[in-house]
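Taken together, the values in this text are just the output of simple stated rules run on the coordinates, not laboratory data. None of these values were measured; they are calculated from a predicted model. Cβ placement follows ideal geometry from the backbone for every residue including glycine, while neighbour counts extend to all protein chains displayed.
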Amino acid sequence: MLTDSHTHLNAEQFNEDQDEVIQRALDAGVTRIVNVGFNRETIPSSIALAERYDFIYSTVGWHPVDAIDMRPGDLEWIEELCKHEKVVAIGEIGLDYYWDKSPKDVQQRVFREQIRLARKLGMPIVIHNRDAHQDILHILKEEKAEEVGGIMHCFSGSWETAKQCLDMNFHISFGGPVTFKNARQPKEVLAQVPLDRLLIETDAPYLTPHPFRGKRNETGYVRLVAETAAEIRGVTLEEIAEITTNNAIRLLGLK
C-alpha cells in the first residue's frame, strides 16, 4: 500500500513508456500517486493523467524556476483548476536559488501569491526549496501558511529546519537522496520526524534512489525509499507503507 506523494509522470522522459512505468509502479505495490503540475505546460497534462487513472491525483502550482514566465491571469487559472475533483494541493511552489532563471524578488512574489490562494481555498501546499531555507521559513511564517500546512517536498534541510516546518503544520517528505550511502543529514532527520508527519516520494524522473542512481527515476522506486525509511525507523516495510499512505490520505483527501 505504497503512495508516491510527488512524481512527474507527465515529463517528457516518460513519453515513450508512460503506461509501462505506471504498471511497474502498481507491480511494486504503489496504490496511490500524486503527480505534480508546475507550469503552463505540465499542469494540463498532469490533470489529464489524473483523469485517466483513478489512483492518480494531481497538484497545480507555479514552480519558482518558472516564476518569471507567470502572466496576468495564470493565478486565476490555477484557482479555477483547484475546483477539479482530482486536484489535491497547490504546488509545487517555493524558492529555488540554485538556478538563476527567475529573479529572487519575482520568485518570492509568486510564492506569496500562491500561499494566499491556498489559504483562500483551504488547500495544502507543496513546497520546493533549493538553497533557500531561511527565506522559505520567513515567507511561510509571514503568510500564515500554517493555516493550510502541506508538504516539504524532498526535504534536504537540517533537523532544526524540519522542526520549524513541523511547527507550521507541514509534513516532511523524503525521496531518493535518503537512500544514498553518504546521506547523513537526511537519514538523521528521517529518524526524528514524527511518524504521523512522514511522507515518501520519488520526484521521478529525477533524484533516483540507490542502486539506480544516475539512471531515470520511476514511481515504482518509491519502494526503495520506503525500505530505507523502514530500516532507519526500525519498523517493517509494510508498516512504513501503511503509515505514509495514511498520512497522504489524511493530508490530501485521497480516496
Apply the Karplus curve 6.51 cos²θ - 1.76 cosθ + 1.60, θ = phi - 60°, to the phi angles in region 247-252 and return the couplings in whole Hz, x for Gly and Pro. 4, 5, 4, 5, 6, 9
Residues Ser46, Ser102 arranged by fewest to most Cβ contacts within 10 Å: Ser102, Ser46
Hey, how many Å between the Cα centroid of region 121-167 and the Cα centroid of region 1-17? 24 Å
For the chain: span of alpha carbons on each principal axis (Å, largest first): 47, 40, 33
First select every other residue whose beta carbon is under 10 angstrom from the beta carbon of Tyr97; then total the charges, Lys and Arg +1, Asp and Glu -1. -2
Going fewest to most other Cβ atoms within 10 Å around each Cβ, His153, His8, His133, His84 line up as His84, His133, His8, His153
Above-threshold pairs, the threshold being 31 Å between Cα atoms, out of Lys144/Lys255; Lys120/Lys255; Lys144/Lys181; Lys101/Lys144; Lys101/Lys255; Lys181/Lys255: Lys144/Lys181; Lys101/Lys255; Lys181/Lys255
Between beta-carbons, use under 11 Å as the cut-off and find the net charge around Glu79, counting Lys and Arg +1, Asp and Glu -1. -1
Pop out the ³J(HN,Hα) list for region 26-33 in order, Karplus 6.51 cos²θ - 1.76 cosθ + 1.60 with θ = phi - 60°, rounded to Hz; leave Gly and Pro as x. 4, 5, 7, x, 7, 10, 9, 9
Could you state the number of Å between the C-alpha centres of region 29-88 and region 225-244? 28 Å
Size of region 1-117 along its principal axes in angstrom, Cα-based, largest extent first? 44, 31, 24
DSSP-defined beta bridges in the chain - what % are antiparallel, rounded to 5: 0 percent
If you add up the charges near His153, with Lys and Arg at +1 and Asp and Glu at -1, over every other residue whose beta carbon is less than 9 angstrom from its beta carbon, what do you get? -3
Can you list the aspartates and glutamates whose alpha carbon is less than 19 Å from that of Lys163, not counting same-chain residues fewer than 8 positions off? Asp131, Asp135, Glu142, Glu143, Glu146, Glu147, Glu188, Asp196
Out of Ala183, Ala162, Ala89, any idea which swings most in a Gaussian network model of the chain, alpha carbons joined below 10 Å? Ala183
Assuming a ≥ b ≥ c are the square roots of the Cα gyration tensor eigenvalues, decide whether region 130-255 counts as rounded (a/c under 1.5), prolate (otherwise, with a/b larger than b/c) or oblate. prolate
